[in-house]
Amino acid sequence: MNPTLPYPWAVDALRAAARVTRAVQQAHMTQALAKADHSPVTAADFAAQAVIAAALAKHDPHTPLVAEEDAATLEAAPPAVQRHVLLAVRHVHPRATWRDIMAWIAQGHGAPRGRFWVLDPVDGTKGFLRGAQYATALALVEDGKVTWGGLACPNLTLADHAPPGVLAVAARGRGAWAAGMQPGPWKPLHVSPVDDPREARILRSYEAAHTHGDAIRQLARVLGTSRSPVRLDSQAKYVLLAAGQGEIYLRIPPRLQPNYREKIWDQAAGALLVEEAGGKVTDLDGCPLDFSQGLTLARNRGVLATNGPLHTLVLHALRRAGIRRERPA
Ligand code: AMP
Ligand code: MG
């Protein structure tokens, strides 16, 4: 089935980004730098941002790009990392110069206002470094709402025997779709029909520091869930939920950072994918995610995404487990 989704060039850009991130991994060019916030960044993050920004410059040059990585960080990086970025980008743009690459990356400093693209070139960098799950996440936001979202997950498999690599794309009102990394047929994504919380599978961060493990265990007890939570990195979790391979996706601010606010590039593409696959996405207080507040979801606390039938039940359980406030702020 051909979904005739808008922005086919953005799908090609995600495939190109996956070639680049895989090249970095296969060539062992994964030396990590620590950013100012102590989070890791690698040549793959910069190279993937460069190839997506190059595609946007060609196909939609007047719409700002808001991307996670910063050209100044790469400028200050060790020469080996800079060389790895150049080598990786040249898998897609064989004649790219260092100046081209720096200019593409710097395009990601756009303002998150009105209509803009938002990019996490490597979501789940810690998973990428472990050889586990990661995603390149691109989305279009228009007046605070996500209208298009795409995720390239090079290490994810949805079906037994399929080669690793999933490209998942959604457009508002046009459904959610998945294909392999090579151009091929698209299949529609649908959430799971499970409505018994005891059978629900919870999808959560692999990294303990990115979520609140005790709260998730408490919620699982209140729900009577017998299945162990599935731990994996990045928005690949949203792809599993959209594909019916999990029912509840939770982001609960860590115990030590109760005021943590989600970055827009960590949620935009995945949230639309789940909605278009028939699921429901809110924050932990049941409010819709508001992408009009700058670089973070400043008005939302955490995220709850479900297959739909379980949503209200989980919101009640969050209150019973003491994770949801009586009244949203
Ligand atoms: P995940 O793999 O689902 O844990 O998501 C990875 C994303 O978590 C990264 O891209 C970070 O932006 C984000 N992150 C980093 N620190 C935190 C934190 N303390 N709480 C929640 N998310 C975080
Ligand atoms: Mg991220």
Residue separation times 0.36 nm, minus the C-alpha to C-alpha distance between residue 198 and residue 159: what's the value? 11.6 nm
In the structure displayed, which of 35/237; 58/280; 126/263 lie more than 28 Å apart, Cα to Cα? 58/280
Label point distance in nm, residue 190-residue 95, each placed 7 Å from Cα along Cα→Cβ: 4.9 nm
Shape call, the range 127-215: gyration tensor on alpha carbons, a/c limit 1.5: rounded
Trypsin sites (Lys or Arg not before Pro) restricted to DSSP loop in the range 1-48 with at most 13 other C-beta within 10 Å: none
Debye, to nearest 20: dipole size of the range 218-305, +1 on Lys, Arg Cβ, -1 on Asp, Glu Cβ: 360 debye
Please label the shape of the chain as rounded, prolate or oblate, based on the square roots a ≥ b ≥ c of the eigenvalues of the alpha-carbon gyration tensor (a/c under 1.5 means rounded; beyond that, a/b larger than b/c means prolate, else oblate). prolate
Below 15 angstrom from the Cβ of residue 104, what's the summed charge of the other residues (Lys, Arg +1; Asp, Glu -1)? -3
Does a label point 7 Å from the Cα of residue 174, set along Cα-to-beta-carbon, have any residues of the range 1-33 with amide nitrogen under 18 Å, and which are they? 1-15
Other residues with Cβ under 10 Å from the Cβ of residue 73 give, with Lys and Arg +1 and Asp and Glu -1, a net charge of -3
Select from the range 234-329 those GluC sites (Glu not before Pro) which occupy a DSSP coil region and have at most 15 other Cβ atoms within 10 Å, ordered by residue number. 326
Rounded, prolate or oblate: which one fits the range 38-126, using the alpha carbon gyration tensor with axes a ≥ b ≥ c (rounded when a/c is under 1.5, else prolate when a/b beats b/c, else oblate)? oblate
Karplus ³J(HN,Hα) for the range 6-17 (6.51 cos²θ - 1.76 cosθ + 1.60, θ = phi - 60°; Hz, whole; x = Gly/Pro) runs x, 6, x, 5, 6, 5, 4, 5, 5, 4, 5, 4
Inter-site label distance for residue 313 and residue 31 at 7 Å from Cα along Cβ, in nm: 5.2 nm
Excluding ligands, DNA and RNA, the carbon-plus-sulfur percentage of the accessible area of the range 137-260 with a 1.4 Å probe reads 51 percent
Out of the range 38-118, which trypsin sites (Lys or Arg not before Pro) are coil in DSSP terms and have no more than 10 other C-beta atoms within 10 Å? 95
Charge context of residue 126, other residues only, Cβ under 9 angstrom, K/R +1, D/E -1: -1
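The values are calculated or read from the model by the stated rules, or taken from the named source; none is laboratory data. Predicted model, so just to flag it, every value in this text is computed and none were measured. Heads up, the Cβs are rebuilt from the backbone with ideal geometry, glycines too, and the neighbour counts pull from every protein chain shown. Heavy atoms of the whole protein, side chains included, go into the accessibility calculation; ligands, DNA and RNA do not. Shrake-Rupley method; radii C 1.70, N 1.55, O 1.52, S 1.80 Å.
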